[in-house]
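Chemist: One structure, as structure tokens, below. Some questions next.
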Amino acid sequence: MDSIQTTVALERVLLGDNQFFGVNHMSEDKARAQFIRFRDDSSIIEVLDSAYEAGVRVFMCTTHERVAAICNHVRSNPDRYKGFQFYPCMPYAHKYADAVTEHGMIGALKRFLPEQGALSALFKGGMSIATKDMEGIAQLLIDAEMKMFAGLSTPVIFLQNVVTDLLLGLGFGKAFRMFADHVTRSYGAEPGFITMNMPRLLDVLEKEGISNPIICASINKKGFRMCGGVKVYEDTIATRKFRPVAMSVLASGAIPPREAIEYVCGQKEILSIVFGASSRANIVETKRLIDEMTYQG
Amino acid sequence: MVRLALIGLGKMGISHLAILNSHPDVKLVAVCDTNAYVSSTLNKYTGITVSSDYRQVLAQGDLDAVVIATPPRFHGEMVRAALDRNLHVFCEKPFCLDPNEGAELAALAQARGLVNQVGYHYRFVGAFKEAKRLVTAGVLGRIHHVRTEAYGPVILRPKGASWRGQKSEGGGCLHDYASHALDLLTYLVGTPDHVGGSVLNRIFSQDVEDETYATLYFPDGMTGQLSANWSDESYRKLSTKVSIWGTNGVLSVDRQEVRLFLRDNLNGDRTLNDGWNIVYTTELTDPVWYYLRGEEYSAQIDHFVGCIETKQPETISPFVSAVATDRIMAMMLEDADAGMKLTTRRRPQQDRTIARRPGILRRMKALLV
């Protein structure tokens, strides 16, 4: 039943990418200012370098088209980024949502299936659409999203929360299994799931036979974007078998860093913490705080 | 338990389906869409049965309410059919392309005591709720001007096959984007009684406007400006903002934060200071039982369900206020028409868009499906 191997050692500290692409849950102006600040790929690489120097070894990033340039850079400088890993999060949902608005549901689907020269992929895509073979379509979409990471280390591949939570709401639990099977078989990676509905998702993943799953969820002492509430989250983390990755730890800046990290590190079952930072000082300080609180025991 | 049917499985319909499906007090009795492909795929993977005839769906006797998420052209007919069967109705925005029809339906729902709501979800965003509270408390003094804006990246090139690009279906930047900005305007400061200088420009679309602007005149002398553009790629997604100027201060609000500058804290509200007051969404957002794309989408459905359960027909976004928004849009269309007649010779860009033939690959793919 359970074909997922649970062997990956998750890195403790992960650098996220919201800050690079105009996502800030607190202020649209700040998000826009950051989007402008990171208009050049080199400015993103500079932050990545600061993170690497501070000992951060994972970039957890969406499959935003600009990440492709970052991938190229890391691929071209293997010595400089020894041991560096990507945790891709797919899909970058806005491009799909915008396409649905513009082209309708089926039109959008057709746009994202592979085009370039691969007649067989085109045919497979066409057939998959015609026979409503969601597994075939999903595999092609995953492969398209993974292209930019070719040759790089991607030990964990995440499904973005918009898609995870939509499938969860629709009751399409089998899709999680399809995703898990494909990333395991084709990429030797472990599946991860990003969600705002962690306890509910864990129930469904268990039902689908995905045991001890990697789940990335908002975890902060304010209960921001934690459906079910702080208490249910704390109990779920303490008592159930899964590998939690905490995001939105600072609740977009609403909680002071020390207090925020103390809360997350206080829950020993939380394996990883993903954070977004734009300056060297912030990266160093966040990493230092996590290390300090982690080793306090 | 509220027994509910959903009509329409487009982008909003699918999102509503996920939210309704996970609501603890909702029993989803029926789902309806005319797209056989979407319907049978959904059925194949989730077991949900989808029928194609909405009248049949409404005719089954065990329904309390219906959520209508079809293109706007169908709203009037479907809402009437639902109200005739004494069903509570949640209808997507914009409400009705003909405001007179909308007004009739609002009156009908009210006469029958049925819960009625339109999907203007920004009214359920913490920051806009807080702005409403501040404006109602009168902290700004006499309001004399308001600006409402909506920008985002929907139509970025001259193609596209969705109903949103067709005027007859209720597509276009005015009904899709500007409606949100105008609804927030009516929610926060009231309804203008006439409009001027309305502009509906095409940028990429062939059949609908991609940007729209207008000056709004309120009965008490207050003025407003609307600015909406759905071909602005510098925004990651729809971004809506309202700025309000009063004799005692200025308030600016978007979905993330409220920024209030007060000259004098006249009301003695202890949470407010003279000068700048900033409140962020993280402080203003109430938790929801299930999250998809934003708390407001779940919150509006929860509010609708709650109003049915407590037999309270007055919702936060009722038909009657959506009709007010529809009326502003109708006034703008009329005003823009009149303006265009005066300036036709100065508008050559209207005819520049050239229809592109589909590429060979696209035509091949079309043959495959």
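Chemist: Taking the Cα centre of chain B as origin, sum charge times position over the Cβ atoms of Lys and Arg (+1) and Asp and Glu (-1), and report the length of that vector in debye to the nearest 20.
Modeler: 1380
Chemist: Something else: Roughly how many debye, to the nearest 20, is the charge dipole of the protein assembly as shown about its Cα centre, given +1 on each Lys and Arg Cβ, -1 on each Asp and Glu Cβ, and no other charges?
Modeler: It works out to roughly 1280 debye.
Chemist: Here's another thing I want to ask about it. With springs connecting C-alpha atoms under 10 Å apart, model chain B as a Gaussian network and identify which of B:Glu104, B:Glu209, B:Glu283 has the largest mean-square fluctuation.
Modeler: Maximum fluctuation in the GNM of chain B, among the listed residues, is at B:Glu283.
Chemist: Turning to a different aspect of this structure: Using 1/(1 + (r/R0)^6) with R0 = 25 angstrom and r between the beta carbons of B:Arg85 and B:Ala36, what's the FRET efficiency to the nearest 0.05?
Modeler: Result of the calculation: an efficiency of 0.45.
Chemist: Here's a follow-up. How high is the FRET efficiency from B:Gln110 to B:Met1, r the C-beta distance, R0 30 Å, rounded to 0.05?
Modeler: Taking R0 as 30 Å, the efficiency between B:Gln110 and B:Met1 is 0.75.
Chemist: Further question: If you keep only loop residues by DSSP, which trypsin sites (Lys or Arg not before Pro) in segment A:200-297 have at most 12 other Cβ atoms within 10 Å of their Cβ?
Modeler: A:Lys241, A:Lys268
Chemist: Let me ask something else about it. So, counting K/R as plus one and D/E as minus one, what does the shell of residues with Cβ under 11 Å around B:Leu216 add up to?
Modeler: So the surrounding residues net to -1.
Chemist: How much of the pair distance distribution for segment B:2-114 lies past 21 Å, counting alpha-carbon pairs only, in percent?
Modeler: Cα-Cα pairs of segment B:2-114 separated by over 21 Å account for 33 percent.
Chemist: While we're on this one: With +1 on the Cβ of every Lys and Arg and -1 on the Cβ of every Asp and Glu, and nothing else charged, how large is the dipole of segment B:2-114 about its Cα centre, in debye rounded to the nearest 20?
Modeler: 240
Chemist: Could you calculate the FRET efficiency of B:Trp276 with B:Met340 from 1/(1 + (r/R0)^6), where r is the beta carbon distance between them and R0 is 60 Å, rounded to 0.05?
Modeler: About 0.90, to the nearest 0.05.
Chemist: Mind running the shape call on chain B? Use the C-alpha gyration tensor, a ≥ b ≥ c as the square roots of the eigenvalues: rounded below 1.5 for a/c, prolate if a/b tops b/c, oblate otherwise.
Modeler: Judged from the Cα gyration tensor, chain B comes out oblate (a/c at least 1.5, b/c at or above a/b).
Chemist: Of B:Ser243, B:Phe74, B:Gly141, which is farthest towards the positive pole of the protein assembly as shown's charge dipole, taken about the Cα centre with +1 and -1 on the beta-carbons of Lys, Arg and Asp, Glu respectively?
Modeler: B:Phe74
Chemist: Which ordering of B:Thr247, B:Thr215 is given by a fewest-first count of other beta-carbon atoms within 10 Å?
Modeler: B:Thr247, B:Thr215
Chemist: Name the residue from A:Tyr187, A:Val204, A:Phe172 whose Cα lies farthest towards the positive end of the charge dipole of segment A:165-210, charges +1 on Cβ of Lys and Arg and -1 on Cβ of Asp and Glu.
Modeler: Value: A:Phe172.
Chemist: Can I ask one more? Indicate, rounded to the nearest 5 percent, the antiparallel portion of the DSSP beta bridges found entirely in the protein assembly as shown.
Modeler: Taking every DSSP beta bridge within the protein assembly as shown, about 40 percent pair in antiparallel fashion.
Chemist: Within 14 Å, Cβ to Cβ, of B:Asn100, how many net charges do the neighbouring residues add up to if Lys/Arg are +1 and Asp/Glu are -1?
Modeler: Once all neighbours under 14 Å are counted, the net charge is -3.
Chemist: How far, in nm, would the chain grow between A:Glu269 and A:Glu53 when pulled straight, counting 0.36 nm per residue and subtracting the alpha carbon separation?
Modeler: Fully extending the segment from A:Glu269 to A:Glu53 adds 75.1 nm.
Chemist: Also: Can you compute the modelled spin-label distance between A:Asp40 and A:His73, with each label point 7 Å from Cα toward Cβ, in nm?
Modeler: Taking the two extended label points, one gets 1.0 nm.
Chemist: Cα convex hull of segment B:61-157: how many Å³ per residue?
Modeler: 178
Chemist: Given 4 °C and 1.567 mPa s, compute D for the protein assembly as shown with the Stokes-Einstein relation, Rh being the Kirkwood radius over Cα pairs; round to the nearest whole µm²/s.
Modeler: Rounded, D is 49 µm²/s.
Chemist: Okay, next question. Residue-wise, which Karplus ³J(HN,Hα) couplings in Hz belong to segment A:136-149, taking 6.51 cos²θ - 1.76 cosθ + 1.60, θ = phi - 60°, and x for glycine or proline?
Modeler: x, 5, 4, 4, 5, 5, 4, 4, 4, 5, 7, 3, 5, 9
Chemist: Something else: Considering only DSSP states other than H, G, I, E and B, which trypsin sites (Lys or Arg not before Pro) in segment B:10-93 qualify as loop sites with at most 16 other Cβ atoms within 10 Å?
Modeler: Passing both the DSSP loop test and the Cβ count: B:Arg85.
Chemist: Also, I was wondering about something else. Amide H neighbours of A:Met90 under 5 Å, counting only residues 5+ apart in sequence or on other chains, H built in-plane at 1.01 Å?
Modeler: Distant-sequence amide H within range of A:Met90: A:Phe158, A:Leu159, A:Gln160.
Chemist: Take the Cα atoms of segment A:141-195, find their three principal axes, and give me the spread along each one in whole Å, biggest first.
Modeler: Answer, in whole Å and largest first: 35, 18, 17 Å.
Chemist: Let me ask something else about it. If you stretched the chain out fully between B:Gln56 and B:Thr247, how much longer would it get, using 0.36 nm times the residue separation minus the C-alpha to C-alpha distance?
Modeler: Difference between extended and current length: 63.2 nm.
Chemist: Return the sequence-ordered ³J(HN,Hα) values of segment A:153-161 in whole Hz as given by the Karplus equation 6.51 cos²θ - 1.76 cosθ + 1.60 applied to θ = phi - 60°, using x for Gly and Pro.
Modeler: Calculated HN-Hα couplings, in order: 7, 10, x, 10, 10, 9, 9, 4, 5 Hz.
Computed from the coordinates by the stated procedures, all read-outs in this text should not be read as laboratory data. Because the structure is a prediction, the values reported are computed rather than measured. Note that each Cβ is placed from the backbone with ideal geometry, even for glycine, and that neighbours are counted across all protein chains shown.
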